[in-house]
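*Asks:* Mind looking over this structure? Questions follow.
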Amino acid sequence: MKTVRTTTAILAVVLITFTAVSCKNNKKEQIKKEENHSKMKHDNSDGHHDGEKKEMTMNGNEKGNSEAILTAYFNLKDALVSDDEAKAKELGASLEKKLENLDISKYTDAQKLELKDIIKDAKEHAEHISKSPIAHQREHFKVLSKDMIDIVAITGTSNKLYEQYCPMYDKGSAWLSMNEEVRNPYYGSKMLKCGKVQREIN
């Protein structure tokens with residue numbers, strides 16, 4: 001009971017302090033705090049994720065564009081996990097546009113050449129996904145995933161990613177995920193958990 005009272009007292013002091021500080025700051029500072037607070041709420045891990053999100057925001061277009069591509073890719077992967085052909089078509093078209101807009105100006109000449117080739121190939125597969133039935137979407141997603149792994153090797157990422165692998169689909173197929181838990185995009189509900197984590201990235 002004593003512990004509960006002590007914890008409540010500490011929380012009350014923290015709340016009063018936070019309110020006092022907030023009142024002194026201008027609107028800009030308050031917006032910043034609200035953003036940081038919402039990020040903390042969203043992340044229930046160890047706070048490291050928050051730092052990564054801030055870094056992602058601060059690094060400008062180059063990082064933002066590569067992260068936008070990854071987000072579109074993960075959304076597409078989730079649609080295939082859910083066996084949602086229509087959503088995968090829509091997200092394939094969205095990914096194609098984001099690949100087109102990747103700013104490669106800050107990379108070395110060798111990296112630019114490599115990225116141009118990878119992006120060209122990835123765009124073709126994203127386009128096919130936007131126009132194909134789900135079985136063909138998954139075939140193209142396999143090669144698209146290889147392209148995404150190659151892009152990440154050059155651009156890096158602000159978040160921890162997991163390269164996962166299904167030994168059964170087309171003699172073995174990899175994909176990227178934000179979550180360690182396996183959710184198979186090649187089989188969806190038929191074999192949702194088929195696969196393993198091959199390696200962690202970042």
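*Asks:* Give me the percent of Cα-Cα pairs in the range 61-201 that sit more than 24 Å apart, rounded to a whole number. Each step should come with its number before you reach the end.
*Replies:* On the way: 2410 of 9870 pairs.
Tail of the P(r) past 24 Å holds 24 percent of the pairs.
*Asks:* What length, rounded to one decimal in nm, is gained on full extension from ILE154 through to LYS193, with 0.36 nm per residue of separation minus their alpha-carbon distance? It would help to have the intermediate numbers written out before the result.
*Replies:* On the way: separation 39, 0.36 × 39 = 14.04 nm, distance 2.92 nm.
Between ILE154 and LYS193, full extension yields an extra 11.1 nm.
*Asks:* Modelling each spin label as a point 7 Å along the Cα-to-Cβ direction, I'd like the THR108/ASP83 distance in nm, to one decimal.
*Replies:* Placing both labels 7 Å beyond Cα along the Cβ direction yields 4.7 nm.
*Asks:* Provide the packing ranking of 87-94, 110-117, i.e. peptides ordered by the mean count of other C-beta atoms within 10 Å per residue, highest first.
*Replies:* Those peptides, ordered most packed to least, come out 87-94, 110-117.
*Asks:* Could I ask something else about it? So, R0 is 30 Å and r is the distance between the beta-carbons of MET168 and LYS97; what FRET efficiency does that work out to, to 0.05?
*Replies:* 0.40
*Asks:* Another one. Filter the trypsin sites (Lys or Arg not before Pro) in the range 139-202 down to the DSSP loop ones having no more than 16 other Cβ atoms within 10 Å, then list what survives. Can you show the working numbers first?
*Replies:* Values: sites: LYS142, LYS146, LYS160, LYS171, ARG183, LYS190, LYS193, LYS196, ARG199; in loops: LYS160, ARG183, LYS193.
The qualifying sites are LYS160, LYS193.
*Asks:* Taking the Cα centre of the range 61-201 as origin and charging only Cβ (+1 Lys, Arg; -1 Asp, Glu), how large is the dipole, in debye to the nearest 20?
*Replies:* Using Cβ point charges on Lys, Arg, Asp and Glu, the range 61-201 gives about 260 debye.
Computed from the coordinates by the stated procedures, all read-outs in this text should not be read as laboratory data. What you are looking at is a predicted structure, and each value in this text was computed from that prediction instead of being measured. Note that we place each Cβ from the backbone using ideal geometry, even for glycine, and neighbour counts take in every protein chain shown.
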